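Below is one structure, written out as structure tokens; comments come after it.
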Amino acid sequence: MLVDYHVHALAHGEYEADHAWLSSFVDQACRMGIIEMGFSEHDEYMAGFDFNIFQKLKIERQQEIDLRLGIEIDYFPGMEKEMAEKLSQADFDYSIGSVHFIDGWAFDHPDYKQGFDDRNIDEIYFRYAQILAQMVSSRLFDIVGHIDLVKIWGHRPQRQKAVDFFSPVLQEIKRTGMVVEINSAGLRKPVGELYPAGDLLTMLYDLSIPITLGSDAHHPQQMGEGLEEAWAAARRAGYRTVTGFKKHRPIIIPV
């Protein structure tokens, strides 16, 4: 009885989201017992997503699974107007805001991970959290994507705990009413853990910040991968429900 709100059928533009390809994601979701899933393409590849195919598939599979339409947008400070325009291009059920760039540096891309060797890790965390807080304050998005993605290669701050950098961000999330996803993609990355995990996930619960789940699948084989671990961690933190969306309206789903 899980949900998966972070699915990229187009991946990074290498696949065509035809009916058969989208169906393969849905088939895998149904096999894994997922009751609700959302296709949430990266904004730069959204032009390749056929909304008519999605609507057809949604009707065809409505007895098996609830399908939602989302979008993941890279947040860039000062580009809020352009991002708002992207959000208006379709009748989305939800939007995910994510930070993949720190002042032009694609820190999570394998080709640029050496940037961690040339920078102070504490300063990286500080700047990442600063941009993340700006994203939350923009109120453009429903969901915070992979909140602590900055740890992807396993780097940890030295002068203070990672959770200290994120505490102001969580306060802003609480103020704006956003949902945070428990993203299982970190389990298949060098860091080898959920986004978020440990103390940060506990802090989310202590602040009564709602969560959703996402596998960040870029291929049908990754569909729903790690979600059981994600929910087990969320449950240990105290959660008993996740949040879904329909036309940007949050829906509480018992798990």
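Things to note:
- Three-way shape label, the range 1-75, alpha-carbon gyration tensor, a/c 1.5: prolate
- Taken over the range 2-254, lysine pairs spaced eight or more positions apart, or on distinct chains, with alpha carbons under 27 Å apart number 22.
- Peptide packing for 186-192, 20-26 was compared via the average number of neighbouring C-beta atoms within 10 Å per residue; ordered from the highest value, the list is 20-26, 186-192.
- Rounded to 5, percent antiparallel among DSSP beta bridges of the range 155-255: 65 percent
- Peptides 144-155, 85-96 ranked from most to least packed by the mean count of surrounding Cβ atoms within 10 Å: 144-155, 85-96.
- Cα shape, the range 69-123, gyration tensor, a/c 1.5 rule: prolate
- Estimated 222 nm signal from helices in the chain, with DSSP H stretches of n ≥ 4 weighted -39500 (n - 2.57), rounded to 500: -10000 deg cm²/dmol
- Cα-based shape type of the range 142-222, given that a ≥ b ≥ c are square roots of the gyration tensor eigenvalues and the cut on a/c is 1.5: oblate
- Annotation for the range 156-212 versus the range 30-64: alpha-carbon center distance of 27 Å.
- Distant-in-sequence amide H partners of residue 248 (H built 1.01 Å from N, under 5 Å): 94
- Fraction of antiparallel bridges per DSSP, the chain only, in percent to nearest 5: 25 percent
- Additional length obtainable on full extension of the chain from residue 21 to residue 140, 0.36 nm per residue less Cα span: 39.9 nm
- Interchain or long-range residues, amide H under 5 Å from residue 36's placed H: 4, 66
A short reminder: the numbers here are calculations on the coordinates, not readings from a lab. Keep in mind the model is a prediction, meaning the values are calculated, not measured. Neighbour counts run over all protein chains shown; Cβ positions are idealised from the backbone, glycine included.
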